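S.K.: Below: one structure in structure tokens.
The values are calculated or read from the model by the stated rules, or taken from the named source; none is laboratory data. Note that the structure is a prediction, hence the values are computed from the model and not measured. Positions of Cβ are generated from backbone atoms using ideal geometry, with glycine treated the same way; all protein chains shown enter the neighbour counts. All accessible areas refer to the heavy atoms of the entire protein, side chains included, with ligands and DNA or RNA removed. Shrake-Rupley method; radii C 1.70, N 1.55, O 1.52, S 1.80 Å.
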Amino acid sequence: RLADRRSGRVVFVSHCLLNENVRYLGGACRPGPIKEWVERWAAEGVGVCQMPCPEQRAWGGVAKPLIAPAFGSRRTAVWPLRRWIMWAFVLYTRIRYALIARRVVGEMQDYVRSGYRVEGIVGVAGSPSCGIATTLDTHKWLEAIAGAKPKEVTARFVNEAVISAARPGRGWFMSAITRGLDRRRMAVPLAEHDLIAELAESQRPSSTPIAEAPSYAASGAVEQQSA
């Protein structure tokens, strides 16, 4: 009796796909959202659930001030302690991400229990947090930025450091989410936006047609199953 026009289908997406203002400084390729993805979701009639940006939550805010000391750190007294500092940083990040992921997975489960279908999760290639098939080698990235002079750092330098440190693998946040889904016996298809390709094109907006956007099953995940 209360039927309406909702599709009963939702997709969970990385925060910066709808708001690039939260990207690391120098890494925004668009003024706001990723147009191709937004148009695709609108055409498919899929509701969009914007996940929290884990880096914003864990690394001090939109500007990520917690990672700022890494720039030029090779010239400081803490450089010999970098392995211990990185270990503590990764441990702290994983703990914070696990807490955020638990809430996100709980929201997905709520949709499923309410009779909705979670069509997929869309992450960001090259992100240390939201990468699905491509993430960041944080140790290699640290080596690249540690030798920079902070006052001379440019967006091009930062992006080239990210591109050079990209490797196959899943980001910390997406790993926490998939573990949570596994515990609840939920299988949600995964896909990722190719940020690395955009950065390699000198931050020009992507010309990839909507039809060529990756499918939600790009990572080989099976279809959604209710808990």
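S.K.: I want to confirm something. Restricting to segment 181-201 and keeping residues that are open to solvent by 70 Å² or more (accessible area, probe 1.4 Å) and in a loop (DSSP other than H, G, I, E, B), which single residue is modelled with the lowest pLDDT?
M.R.: Across segment 181-201, the extreme among qualifying residues is Glu201.
S.K.: Shifting gears a bit: Could you list, in sequence order, all residues of segment 140-169 that are open to solvent by less than 60 Å² (accessible area, probe 1.4 Å), touching a residue at least 40 places away in the same chain (Cβ under 8 Å) and not in a helix (DSSP H, G or I)?
M.R.: Gly147, Ala148, Val153, Ala166
Residue by residue, here is whether (1) at pLDDT below 95; (2) basic (Lys, Arg); (3) within 30 Å of Ala187 (Cα to Cα) holds:
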site: Ala63; (1), (2), (3): yes, no, no
site: Arg74; (1), (2), (3): yes, yes, no
site: Leu99; (1), (2), (3): no, no, yes
site: Gly126; (1), (2), (3): yes, no, yes
site: His139; (1), (2), (3): yes, no, no
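S.K.: Here's a follow-up. In segment 171-190, what residues are touching a Ser or Thr at 6+ places or on another chain (Cβ under 6 Å) and either in contact (Cβ under 8 Å) with a residue 60 or more places away in the chain or more than 12 Å from Gly126 (Cβ to Cβ) (or both)? Outline the logic, then answer.
M.R.: Initial filter on segment 171-190 (touching a Ser or Thr at 6+ places or on another chain (Cβ under 6 Å)): 171-173, 190.
Listed by number, the residues that qualify are Trp172, Phe173, Leu190.
S.K.: Inspect all residues belonging to segment 112-129 and state whether any of them is open to solvent by less than 80 Å² (accessible area, probe 1.4 Å) and assigned to a helix (DSSP H, G or I).
M.R.: First, the residues of segment 112-129 that are open to solvent by less than 80 Å² (accessible area, probe 1.4 Å): 112, 114-116, 118-129.
Still in the list and also assigned to a helix (DSSP H, G or I): 112.
Checked against the condition, which is being open to solvent by less than 80 Å² (accessible area, probe 1.4 Å) and assigned to a helix (DSSP H, G or I), segment 112-129 yields at least one hit.
S.K.: What pairs come out if I take residues in segment 37-48 that are assigned to a helix (DSSP H, G or I) and pair them with residues that are small (Gly, Ala, Ser) and surrounded by 13 or more Cβ atoms within 10 Å (Cβ to Cβ) whose C-beta lies under 6 Å away, six or more apart or interchain?
M.R.: Matching pairs, first to second residue: Arg40/Ala213.
S.K.: In the list Trp84, Trp79, Trp41, which residue meets the criterion of being crowded, with 18+ Cβ neighbours inside 10 Å and among the hydrophobic types (A, V, I, L, M, F, W, C)?
M.R.: Numbers: Trp84 fails: crowded, with 18+ Cβ neighbours inside 10 Å; Trp79 fails: crowded, with 18+ Cβ neighbours inside 10 Å.
Result: Trp41 is the single residue among Trp84, Trp79, Trp41 that is crowded, with 18+ Cβ neighbours inside 10 Å and among the hydrophobic types (A, V, I, L, M, F, W, C).
S.K.: Go through segment 3-25 and count every residue that is in a loop (DSSP other than H, G, I, E, B) and closer than 22 Å to Ile132 by Cα. Reasoning before the result, please.
M.R.: First pass over segment 3-25, keeping only residues in a loop (DSSP other than H, G, I, E, B): 3-8, 14, 18-19, 23-25.
Next, only the ones that are closer than 22 Å to Ile132 by Cα stay: 14, 18-19, 23-25.
Residues flagged as in a loop (DSSP other than H, G, I, E, B) and closer than 22 Å to Ile132 by Cα within segment 3-25 amount to 6.
S.K.: Checking Arg96 against (1) under 13 Å from the mean Cα position of the chain (by Cα); (2) more than 26 Å from Glu36 (Cβ to Cβ), which test does it fail?
M.R.: That leaves (1) as the condition not met.
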